[in-house]
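Visitor: This is the structure I want to talk about, given as structure tokens.
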Amino acid sequence: MPITRQDCEVRDQQDPLRELKSQFDLPPGVIYLDGNSLGVLPRATLGRVQEVIQREWGQDLIKSWNTAGWIDLPGRIGDKIARLVGARPGELIVADSTSLNLYKVLSTALSLQQQDAPQRKLIVSERSNFPTDLYIAQSLAEQFGARLHLVDRVEDIPACLNQELAVLMLTEVNYRTGYKHEMATLTQAAHAAGALVVWDLAHSAGAVPVDLHAAEADFAIGCGYKYLNGGPGAPAFAWVHPRHVARAKQPLSGWLGHAAPFQFTTDYQPAAGIKRYICGTPALLSLAALECGVDTVLAAEPQGGMAALRTKSIALTELFIALAEARCGHLGVLLASPRDARQRGSQVCLSLQPELQEASYAVVQALIARGVIGDFRAGNPADLAATPHILRFGFTPLYLGFVDVFDAVEHLFQVLQREEWKTPQFAQKGQVT
Ligand SMILES: *Cc1c(COP(=O)(O)O)cnc(C)c1O
């Protein structure tokens, strides 16, 4: 029996998380499948940011650093994010961008290894990791006289866990394919080989349950504007296991990471704990918006929190895959994400059969014109068979339902069946894809 729209309506009615959608202002007629790139606007954000601007900044001015608790905000929001990733209060800080936080923690990890095991000169990551992670690692490899080795397949990682390895740097959920690593298993294997592990949680925080302590992770960083709904360019976060945090300085030794910033001393003395990972003055308005976004995820706690969100996310992605294959398989649609839900984050990527590869970008544009917002990630033009163009769809259980998934696949069917993607305007590429 094919799955009907009515079946999906029933599933939405039975969904214990359905009320969480009322936390957001989604434009009418939009099915938003891009929360993995930029989360949607929470209803509370506008009022909160307005309050910060009008009252805290406009009226109370500089007093607000104390009276409105501005100075504590990086730690206060950090404690909230900690609840989503298995960290404890006081261990996680909000600051800067993901790229900068990666620079800080990877540098710290490398300097710890320089102290403890100077013969270890290798950073290992994946060729398919997000480019900024690789670029930052390249820069630090140069600085530390280390080498960055990139593996092409997940199965190649265990062979790299040897006496040469200093740091294993992985993104838990791959931004292109949605592949999800086994964090605990890989961390333990790396530790057994004497290495440290840096986890990038950009596509994990707010998307999948993470337990940094259970995994005995060393360092983690993540992004505020994806599944945490913090708004464009929202500040990012950094976590360091308590066993490491006081053992090394991070390299961006700014004054707000000082043990006593308001003593204005000449010499840098890092704060005792994770606060040393703060550099300069935080972007307060962005922090206020980020807190509203994080609160939308924490709002699921009474219904089971991240575990409940994960259950729904898997149900949504399984439905999407089943429908996409049933309705669009004969039109050339292929699954480009792992089929096993345990190996998948909260996204599903499709690709098109080889003859349609060049249509991939226009298909995404035609879908967007129909109100179904996903995105396109370019493949390797030299080898599209191995790394095809990807149609990427993120599923955020906070604001998506089963009918949305049904309708999204119907739109994809129409775009392909009617060859709507052939409309010339859909081939025009913007600066941001
Ligand atoms: C989104 C993302 C980033 C973003 O970095 P910015 O500093 O915010 O630009 C970094 N790494 C990964 C793996 C990402 O998915």
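Each reported figure results from applying straightforward, stated rules to the coordinates on display, with no laboratory input. What you are looking at is a predicted structure, and each value in this text was computed from that prediction instead of being measured. All Cβ positions, glycine included, derive from the backbone under ideal geometry; neighbour counts span all protein chains shown.
Visitor: Loop only by DSSP, 14 or fewer other Cβ within 10 Å of the Cβ. Give me the trypsin sites (Lys or Arg not before Pro) in the stretch 105-147 that pass, ordered by residue number. Each step should come with its number before you reach the end.
Guide: Values: sites: ARG120, LYS121, ARG127, ARG147; in loops: ARG120, LYS121, ARG127.
Loop-located and lightly packed - ARG127.
Visitor: So who's got an amide H within less than 5 Å of the one on ILE31, skipping anything under 5 residues away but keeping other chains? H placed 1.01 Å off N, in plane.
Guide: VAL372, ILE373
Visitor: Starting with the highest mean, order 297-303, 96-102 by the number of other Cβ atoms within 10 Å, averaged over the residues of each peptide. Write out the running numbers ahead of the final one.
Guide: Values: 297-303: 16.7, 96-102: 22.6.
Packing proxy ranking, top to bottom: 96-102, 297-303.
Visitor: Find the relative contact order for the chain and round it to a whole percent, using C-alpha pairs within less than 8 Å whose residues are 6+ positions apart.
Guide: Numbers: 836 pairs, mean separation 91.0, N = 433.
That works out to 21 percent.
Visitor: Moving to a separate point now. Taking the Cα centre as origin and putting +1 on Lys and Arg beta-carbons and -1 on Asp and Glu beta-carbons, what dipole magnitude results for the stretch 326-389, to the nearest 20 debye? Could you put the intermediate results ahead of the total?
Guide: Numbers: 6 positive and 5 negative charges, 68 e Å.
With only Lys, Arg, Asp and Glu charged at Cβ, the dipole is about 320 debye.
Visitor: Using Cβ counts within 10 Å as a stand-in for footprinting exposure, how do HIS389, HIS213, HIS241 rank, fewest first?
Guide: Arranged by neighbour count, lowest to highest, HIS389, HIS213, HIS241 become HIS213, HIS241, HIS389.
Visitor: Now a separate question. Arrange the following residues from fewest to most other Cβ atoms within 10 Å of their Cβ: LEU33, LEU148.
Guide: Ascending Cβ contact count within 10 Å gives the list LEU148, LEU33.
Visitor: How many angstrom lie between the C-alpha centres of the stretch 302-372 and the stretch 405-427?
Guide: The stretch 302-372 and the stretch 405-427 have Cα centres separated by 14 Å.
Visitor: Taking every pair of distinct Cα atoms and averaging 1/r, then inverting, what Kirkwood hydrodynamic radius in Å comes out for the stretch 18-130?
Guide: Taking every pair of different Cα atoms in the stretch 18-130, averaging 1/r and inverting gives 18.3 Å.
Visitor: Going through the cross-link list LYS21/LYS422; LYS104/LYS180; LYS249/LYS312; LYS104/LYS312; LYS21/LYS80, which pairs have a Cα-Cα distance over 30 Å in this structure? Can you show the working numbers first?
Guide: Numbers: LYS21/LYS422 35 Å; LYS104/LYS180 24 Å; LYS249/LYS312 41 Å; LYS104/LYS312 35 Å; LYS21/LYS80 20 Å.
Flagged as over cut-off: LYS21/LYS422; LYS249/LYS312; LYS104/LYS312.
Visitor: Only Lys, Arg, Asp and Glu count, each charged at its Cβ (+1, +1, -1, -1), so figure out the dipole size of the chain about its Cα centre, rounded to 20 debye.
Guide: Using Cβ point charges on Lys, Arg, Asp and Glu, the chain gives about 500 debye.
Visitor: How would you rank ARG310, ARG418, going from fewest to most other Cβ atoms within 10 Å of each one's own Cβ?
Guide: The fewest-first ordering by Cβ neighbours comes to ARG418, ARG310.
Visitor: A further question follows. Taking a quarter of the surface of the Cα convex hull of the stretch 49-298, what do you get in nm²?
Guide: Value for the stretch 49-298: 13.1 nm².
Visitor: Right, something else. Quick check of the Kirkwood formula: for the stretch 164-216, what is the inverse mean of 1/r over all pairs of different Cα atoms, in Å?
Guide: Hydrodynamic radius (Kirkwood, Cα pairs) of the stretch 164-216 is 11.5 Å.
Visitor: Separate question: Please list, in order along the stretch 301-307, the HN-Hα scalar couplings obtained from phi with the Karplus expression 6.51 cos²θ - 1.76 cosθ + 1.60 (θ = phi - 60°), rounded to whole Hz, x for Gly and Pro.
Guide: Result, ordered by residue: 4, x, 9, x, x, 4, 5 Hz.
Visitor: Ordered by residue, what ³J(HN,Hα) values in Hz, to whole numbers, does the stretch 195-207 give under the Karplus form 6.51 cos²θ - 1.76 cosθ + 1.60, where θ = phi - 60° and Gly and Pro are x?
Guide: Whole-Hz 3J(HN,Hα) from phi for the stretch 195-207: 9, 9, 10, 10, 9, 8, 9, 3, 9, 10, 4, x, 10.
Visitor: Taking amide hydrogens as modeled 1.01 Å from N in the peptide plane, which residues meet the under 5 Å criterion relative to ALA299, leaving out close sequence neighbours?
Guide: Long-range HN contacts for ALA299: none found.
Visitor: With a/c under 1.5 counting as rounded, go ahead and sort the stretch 224-375 into rounded, prolate or oblate using the C-alpha gyration tensor (a ≥ b ≥ c being the square roots of the eigenvalues; past the cut-off, prolate if a/b is larger than b/c, else oblate).
Guide: prolate
Visitor: Dividing the alpha-carbon radius of gyration of the chain by 2.2 N^0.38 Å (N being the number of residues), what value is obtained?
Guide: My calculation over the Cα atoms of the chain gives 1.01.
Visitor: Search the structure for amide H atoms under 5 Å from the amide H of HIS258, placed 1.01 Å from N in the peptide plane, and list their residues when 5 or more places away or on another chain.
Guide: ALA271
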